[in-house]
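Each remark here refers to the structure printed beneath this line.
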Amino acid sequence: MAKELEWKGMVTPAEFDRCLQLLRAHTGTQGDAYVQVNYYFDTPDFAVAQSRSMLRVRRKKNTLRLQFKTKRTRTGGMLLCDESETVLKKLPRSVCPSLYFADAPQGECYLLGDLVTHRTDFTFPGAVVSLDESIYLGKSDYEIEVEGEAQAIEGVLAFLNPQGESKKGNGKFSRFLKAYRKYTRPATEKE
């Protein structure tokens, strides 16, 4: 199980573009642009989400990886979590995460839907900066993620000075799940 330290912030399209242009000028590259798709899974009673965990299959650059994130804790403005993964040959309709990950909830998890991200990565010493435009359930949003060592993350944030809302427990899965619940509730519950 790997530890992951990251900072995430929601930004406007204009702020996203400002940071993209700043990173391109600083690195002298266009960045590594690609599309990744997160397929989210949970039990019918949302046991994974209720355990403050996340189960997904990520399609990225022609690979499929089943990933389980758990033990999310805040350290300053950054998020630290445990992440485990295994390579898959095809996308399942359901999966029992405890067959792959020892600390995962028991029970069958079913595919809820997907979130498509147009991502551009820039590499800095000790950190990777990702600019993400995500599309899911008729919504789209923009975010900046910086993953790496704490000092490197702080240096990147000082350089970029992103003008946005630092996310406190509002990652892609949380945003997807909120939209999913709203979208799938019966009409009588929506009023």
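The values are calculated or read from the model by the stated rules, or taken from the named source; none is laboratory data. Being a predicted model, the structure only gives us computed values, none of them experimental. So basically every Cβ, Gly included, is an ideal-geometry build from the backbone, and we count neighbours across all protein chains shown.
At a glance:
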read-out	value
Selection count, the range 78-101, where residues are closer than 12 Å to Leu64 by Cβ and assigned to a loop (DSSP other than H, G, I, E, B)	4
Per-region count, the range 22-75, residues acidic (Asp, Glu) and modelled with pLDDT under 95	1
Filtered residues of the range 43-57 (kept if of a type outside the set (A, V, I, L, M), surrounded by 19 or more Cβ atoms within 10 Å (Cβ to Cβ) and without any contact (Cβ under 8 Å) to a residue 60 or more places away in the chain)	Ser53
Given (1) touching a Phe, Trp or Tyr at 6+ places or on another chain (Cβ under 7 Å); (2) among the aromatic types (Phe, Trp, Tyr); (3) farther than 25 Å from Thr184 by Cα; (4) part of a strand (DSSP E or B), number of the condition Tyr110 does not satisfy	(3)
Test: residue in the range 165-180 that is farther than 19 Å from Arg52 by Cα and either modelled with pLDDT under 95 or surrounded by 20 or more Cβ atoms within 10 Å (Cβ to Cβ) (or both)	yes
Residue match in the range 125-140 (condition: of a type in the set (D, E, K, R), crowded, with 18+ Cβ neighbours inside 10 Å and farther than 23 Å from Asp45 by Cβ)	yes
Of all residues in the range 181-191 being modelled with pLDDT under 75 and not hydroxyl-bearing (Ser, Thr, Tyr), the one that is farthest from Asp114 (Cα to Cα)	Glu191
Among (1) exposed (fewer than 11 other Cβ atoms within 10 Å of the Cβ); (2) in contact (Cβ under 8 Å) with a residue 12 or more places away in the chain; (3) among the aliphatic types (A, V, I, L, M), the one test that Leu80 misses	(1)
Members of the range 108-124 that are of a type outside the set (A, V, I, L, M, F, W, C), farther than 19 Å from Glu15 by Cβ and surrounded by 16 or more Cβ atoms within 10 Å (Cβ to Cβ)	Gly113, Asp114
Some residue of the range 18-26 being under 30 Å from Glu108 (Cβ atoms), surrounded by 14 or more Cβ atoms within 10 Å (Cβ to Cβ) and among the hydrophobic types (A, V, I, L, M, F, W, C)	no
Filter result (farther than 22 Å from Thr120 by Cβ and either in a loop (DSSP other than H, G, I, E, B) or more than 15 Å from the chain's Cα centre (by Cα) (or both)) within the range 25-62	Asp42, Thr43, Pro44, Asp45, Phe46, Ala47, Val48, Gln50, Ser51, Arg52, Ser53
Residues located in the range 7-23, provided they are more than 18 Å from Phe124 (Cβ to Cβ), among the aliphatic types (A, V, I, L, M) and part of a helix (DSSP H, G or I)	Ala14
